[in-house]
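J.: Can you keep this structure in mind? I'll have questions shortly.
The values are calculated or read from the model by the stated rules, or taken from the named source; none is laboratory data. Bear in mind that the values here come from a model prediction, so they are computed numbers and not experimental data. So basically every Cβ, Gly included, is an ideal-geometry build from the backbone, and we count neighbours across all protein chains shown.
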Amino acid sequence: MTTPEEELLPATRRALLHRVAVGQAEGRAPSMVAAVVRGGRTVWTGTRTCLEGHAPDENTQYRVGSITKTFTAVLVLRLRDEGVLDLGDPLEKHLPGTGAGEATIAELLAHRGGLAAETPSPWWERTPGTLRPELADALGEQPHRHPVGRRFHYSNIGYALLGALVEELRGAPWEDVLRREVLEPLGLRRTSCEPMVPHAGGWAVHPWADVMLPEPTEHFGRMAPAGQLWSTTEDLARFAAFLATGDDRVLSEESLHEMRTPAAPAEVADVAAGAAYGLGMQLQQHEGRFLVGHSGSVPGFLAGLTISVEDDVAAVVLVNCTSGPGAWSVAADLVRIVAEAEPRIPEPWRPLPDVDRSVLELAGQWYWGTHAFALRLVTGGGLSLDPLSGGGEDLGARFRVNGDGTWTGLNGYFAGESLRAVRRPDGSVDHLDLGSFVFTRQPYDEGASVPGGVDPEGWRGIS
């Protein structure tokens, strides 16, 4: 249930319905269901169907295809956070004998393992998984298409390997681990590997005639971790809220932020399109908005889960046809409609709690050479460093407090670098050291320890 404060305005709701109606009509889809999430809650649902009187709703299951990969990635990150594995570990360390074990776990998550996109023939999405009973059957005799780690190449096989990794380290089937560690804690009761009534049927719509053909529904077997799941807009709305803010029962917000961070080098065309890939999540710049999530496509179904963390808006779109409406693009438009019509209302400004005076004295203007920066205190004992003038724009960063008088960079050029205040014998601050960069209170402050020293004649004009 939504409160009056959370409800969308009538004009916004109509704009959302219009976008879904256009998507279903122009995409020639048998049905389309959608949901919008704001503030961690579903604030709108919509549906359009070609069958009058039989509209699906937020509890109707659709197959979600590659959105399954994000669920699998969450399981892998859980193993990392528990210390069972490191993302830099080669797969061979934990799952030996695959023939593809040179790739690291991070490379497989980011589709950088150099593996083929698909299994050897026949087409795995339209044939029983029993045709590929072992991983070797999915990998084939020559699983690699590129050198490991060299480039992004989307690979369904890579996620089959990650699912097998989860099974090996948990000692249980991937499906059981997923249910126990993700679905049940998040309350995703209508997300499953096999369809549950009510569910939509999958259809192929003829590209040149308004006629349809039913698509087969197969269990993918070893390929299940790449695209098996069925779900609903209600469940995926909950999952989207989790992906935005985290849930310590499943995965922390910090680890989810890592999943949403670009991890794969993009191709030239991807750069032009503003697209990238994180750890199990697709990333895209869309009309000036940074969106994360995942699309899904299997014969008979299309799906899109899209989140704008900054706007605190997410959308889910599910369709039961093989091609036609772009579920991701429709979901992206739903996010845009809400974000533009009803911008996020910021939290009230509140002063920080008690602040260490030795930290407070660091706030203010600093110079790296002649580049001016402002250092500010932020909530939680952290710091932010922002350029004040031209040049150095790529050096802005946020820092987390370490508790030992230092801070660690969280983003940009200084991600992972250490910031500390270097003090003189009398306790006053001489300079800030940031990854060997020296920041002083004045440009090339002659009273500070500037590397290379400062010309004793000081600043001057042309004589």
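J.: Grab the helices (runs of 4 or more DSSP H) fully contained in the range 52-148, keeping just those with 3 or more residues being under 24 Å from Val292 (Cβ atoms) and out of contact with any Cys (no Cβ under 7 Å at 6 or more places or on another chain). Write out each step before concluding.
T.: Numbers: elements: 67-81, 91-94, 105-109, 135-139.
It comes to 67-81, 105-109.
J.: In the list Asp430, Asp394, Asp404, Asp386, which residue meets the criterion of being more than 32 Å from the chain's Cα centre (by Cα) and either under 27 Å from Val454 (Cβ atoms) or at pLDDT 90 or above (or both)? Reasoning before the result, please.
T.: Working: Asp394 fails: more than 32 Å from the chain's Cα centre (by Cα); Asp404 fails: more than 32 Å from the chain's Cα centre (by Cα); Asp386 fails: more than 32 Å from the chain's Cα centre (by Cα).
So the residue among Asp430, Asp394, Asp404, Asp386 that is more than 32 Å from the chain's Cα centre (by Cα) and either under 27 Å from Val454 (Cβ atoms) or at pLDDT 90 or above (or both) is Asp430.
J.: So which of Asp430, Asp404, Asp426 is outside any loop (DSSP other than H, G, I, E, B) and among the charged types (D, E, K, R)? Show your work before the answer.
T.: Details: Asp404 fails: outside any loop (DSSP other than H, G, I, E, B); Asp426 fails: outside any loop (DSSP other than H, G, I, E, B).
Matching residue, one of Asp430, Asp404, Asp426: Asp430.
J.: Pick from the range 203-235 the residues that are of a type in the set (Phe, Trp, Tyr) and closer than 27 Å to Ala73 by Cα: which of them is modelled with the highest pLDDT?
T.: Filtering the range 203-235 down to residues of a type in the set (Phe, Trp, Tyr) leaves 203, 208, 220, 230.
Subsequent filtering for residues that are closer than 27 Å to Ala73 by Cα retains 220, 230.
Values: Phe220: 94, Trp230: 98.
Only one residue tops the list, namely Trp230.
J.: Tell me the residue from Gly412, Gly461 that is out of contact with any strand residue (DSSP E or B) (no Cβ under 6 Å at 6 or more places or on another chain) and of a type in the set (Gly, Ala, Ser), please. Spell out the reasoning first.
T.: On the way: Gly412 fails: out of contact with any strand residue (DSSP E or B) (no Cβ under 6 Å at 6 or more places or on another chain).
One residue alone meets the criteria, Gly461.
J.: Contact list please: Cβ distance under 9 Å, first residue in the range 117-135 and closer than 19 Å to Gly202 by Cβ and β-branched (Val, Ile, Thr), second residue modelled with pLDDT of 90 or more and surrounded by fewer than 13 Cβ atoms within 10 Å (Cβ to Cβ), pairs at least six apart or on different chains.
T.: Thr127/Pro216
J.: If you take the residues of the range 341-350 that are surrounded by fewer than 14 Cβ atoms within 10 Å (Cβ to Cβ) and at pLDDT 90 or above, which of them is nearest to Leu432 (Cα to Cα)?
T.: Step one: list which residues in the range 341-350 are surrounded by fewer than 14 Cβ atoms within 10 Å (Cβ to Cβ), which gives 343, 345-350.
Next cut, at pLDDT 90 or above only: 343, 348.
Details: Pro343: 38, Pro348: 32 Å.
Within the range 341-350, the match that is nearest to Leu432 (Cα to Cα) is Pro348.
J.: Here is a check on your reading of the model: is Arg249 surrounded by 21 or more Cβ atoms within 10 Å (Cβ to Cβ) and within 27 Å of the chain's Cα centre (by Cα)? Can you show your working first?
T.: On the way: surrounded by 21 or more Cβ atoms within 10 Å (Cβ to Cβ): no; within 27 Å of the chain's Cα centre (by Cα): yes.
So Arg249 fails the test.
J.: Give the residues of the range 335-355 that are out of contact with any strand residue (DSSP E or B) (no Cβ under 7 Å at 6 or more places or on another chain) and either within 30 Å of Val20 (Cβ to Cβ) or touching a residue at least 24 places away in the same chain (Cβ under 8 Å) (or both), sorted by residue number.
T.: Listed by number, the residues that qualify are Ile337, Glu340, Ala341, Glu342, Pro343, Arg344, Ile345, Pro346.
J.: Here is a check on your reading of the model: is Ala269 assigned by TED's automatic domain parsing to the domain that holds Arg151 and modelled with pLDDT of 95 or more? Lay out the reasoning, then the answer.
T.: Details: assigned by TED's automatic domain parsing to the domain that holds Arg151: yes; modelled with pLDDT of 95 or more: no.
The answer is no for Ala269.
J.: Here is a further query. Where residues in the range 433-463 are among the acidic types (Asp, Glu) and either in contact (Cβ under 8 Å) with a residue 24 or more places away in the chain or assigned to a loop (DSSP other than H, G, I, E, B) (or both), which of them is farthest from Ser384 (Cα to Cα)?
T.: Let us first name the residues in the range 433-463 that are among the acidic types (Asp, Glu), namely 433, 445-446, 455, 457.
Next, only the ones that are either in contact (Cβ under 8 Å) with a residue 24 or more places away in the chain or assigned to a loop (DSSP other than H, G, I, E, B) (or both) stay: 445-446, 455, 457.
Working: Asp445: 22, Glu446: 26, Asp455: 31, Glu457: 34 Å.
Within the range 433-463, the match that is farthest from Ser384 (Cα to Cα) is Glu457.
J.: Within the range 21-39, is even one residue within 26 Å of the chain's Cα centre (by Cα) and assigned to a helix (DSSP H, G or I)? Before the answer, list the steps.
T.: Narrowing the range 21-39 to residues within 26 Å of the chain's Cα centre (by Cα): 23, 32-39.
Next, from what is left, pick out any that are assigned to a helix (DSSP H, G or I): 23.
Checking the range 21-39: at least one residue is within 26 Å of the chain's Cα centre (by Cα) and assigned to a helix (DSSP H, G or I).
J.: From the list Leu183, Leu178, Leu188, Leu162, which one is surrounded by 21 or more Cβ atoms within 10 Å (Cβ to Cβ), in the same structural domain as Ser252 (by TED's automatic domain parsing), at pLDDT 95 or above and assigned to a loop (DSSP other than H, G, I, E, B)?
T.: Working: Leu183 fails: assigned to a loop (DSSP other than H, G, I, E, B); Leu178 fails: assigned to a loop (DSSP other than H, G, I, E, B); Leu162 fails: assigned to a loop (DSSP other than H, G, I, E, B).
Criteria check complete, one pass: Leu188.
J.: Yes or no: the range 351-373 includes at least one residue that is in contact with a Gly (Cβ under 6 Å, 6 or more places away or on another chain), at pLDDT 90 or above, on the phi < 0 side of the Ramachandran plot and not in a helix (DSSP H, G or I).
T.: Yes, the range 351-373 contains at least one residue that is in contact with a Gly (Cβ under 6 Å, 6 or more places away or on another chain), at pLDDT 90 or above, on the phi < 0 side of the Ramachandran plot and not in a helix (DSSP H, G or I).
J.: One residue is enough: does the range 447-458 have a residue meeting the conditions modelled with pLDDT of 90 or more and under 39 Å from the mean Cα position of the chain (by Cα)?
T.: For the range 447-458, residues modelled with pLDDT of 90 or more and under 39 Å from the mean Cα position of the chain (by Cα): absent.
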